[in-house]
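Report on the following structure.
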Amino acid sequence: MMTRRQDAYYRYPTTSTIVASAPMPTGHHVLRIDGYSLTKAKFAAGEECDESCSFVVGGHAWRIRYYPNGAVVSGSGGFVSLMLSLDHQPGAALPAAVVKARFAFSLLDMDGEPVPSRTYASDGVVSFSANSSSTFGAERFIGHGELEASGHLTGDRLAFRCDVAVVKDIAVVKRDGPPTMSTLCPVEHDMFRCLLDTGDDADVAFRAAGGETIAAHRRVLERRAPELAKLCRRRGGASCFMGLVGRHIDVGDMDAAAFKALLHFVYTDTLPETMAPREVPAMAPQLIAAARKYGLDWERLRLLCEDKAWGWRVDDTSMDTTAAAAPATGDDPKRSQRRLPWFIRKCF
């Protein structure tokens, strides 16, 4: 027979989710440039040097367009531009409809691996058509000076990689429980997760309560958490992104474990696998408050916290600990025995 406290927990409200999912065939193509300096000298801004061979992803043919001095006459001079378009062979039938896809461009290092700090991902799903003007990409992918000093240009040779994920017809299903669909495309998820796990190329640091510093990446924050990126610029100026030494952004209203969990959500749209269900009551209030403060998807984070907490079995000891940790709201913590645990009732 369940205790009153266990009964309160199991009256936790259920959720149902309507999930729109779509299969996303993925593929990539590598464009190698042999004679970079010659292409830069020969082609002016707005002039396409050449395009890649045609490659097929999701049943559609694609081409990468390389502009050594920028794809437009004004605004991208001094930069390399990379653009993606559907390939249409003369005389062939045009695609019957618009093709929707996500894509990402990466500079490759000498081992043929993407350089995380030199990666551009499309802002959501892009609609391509077969006409010649339907091209999308990075007009300011990398500056000439940065490229030539990067060490990834050797013997006047370099390489770029383009990852494409084509969005097919959407299927809608209904299921119980919180959503598991991520807003990240597979390319971004794998890349951001790698950055999170390794810390490579981190260029900004945060200082949590207790003084611990946590490294992060400007490009990921600008893509996934613009308000956090603004905080970095406002507190530390542009130079705070040039290195970690002596530059820290204060987030003293969060402890280190909670801020790391928040960054894990920013990078992967999930909570850390190592986060135990019993940690949720103490950590959830900080996470939800921070998500609201920085303009993140706090509703998704709330559901993830609820899902994680579902594995927590409330007994006399754990409920007493929870009640002791409850914020000073004027409520009697013992009322949680008759209702939901306070961290779900008050924070969500």
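Annotations
- Number of positions in region 275-288 that are within 13 Å of residue 258 (Cβ to Cβ) and touching a residue at least 40 places away in the same chain (Cβ under 8 Å): 6
- Breaking point among (1) in a loop (DSSP other than H, G, I, E, B); (2) under 31 Å from the mean Cα position of the chain (by Cα); (3) of a type outside the set (Gly, Ala, Ser), for residue 63: (1)
- Meets criteria (at pLDDT 90 or above, in the same structural domain as residue 98 (by TED's automatic domain parsing) and farther than 18 Å from residue 30 by Cβ) for residue 152: no
- Within region 253-274, if we keep just the residues that are assigned to a strand (DSSP E or B) and charged (D, E, K, R), the residue that is modelled with the highest pLDDT turns out to be 255.
- Subset of region 22-60 that is among the hydroxyl-bearing types (Ser, Thr, Tyr) and over 14 Å from residue 87 (Cβ atoms) - its residue that is nearest to the chain's Cα centre (by Cα): 26
- Filtering region 29-48 to residues that are in a strand (DSSP E or B) and under 11 Å from residue 158 (Cα atoms) leaves 30, 31, 32, 33, 34.
The values are calculated or read from the model by the stated rules, or taken from the named source; none is laboratory data. In this text, all values refer to a predicted model and were calculated from it rather than measured experimentally. For neighbour counting, all protein chains shown are included, and Cβ atoms are generated from backbone atoms with ideal geometry for every residue, glycine included.
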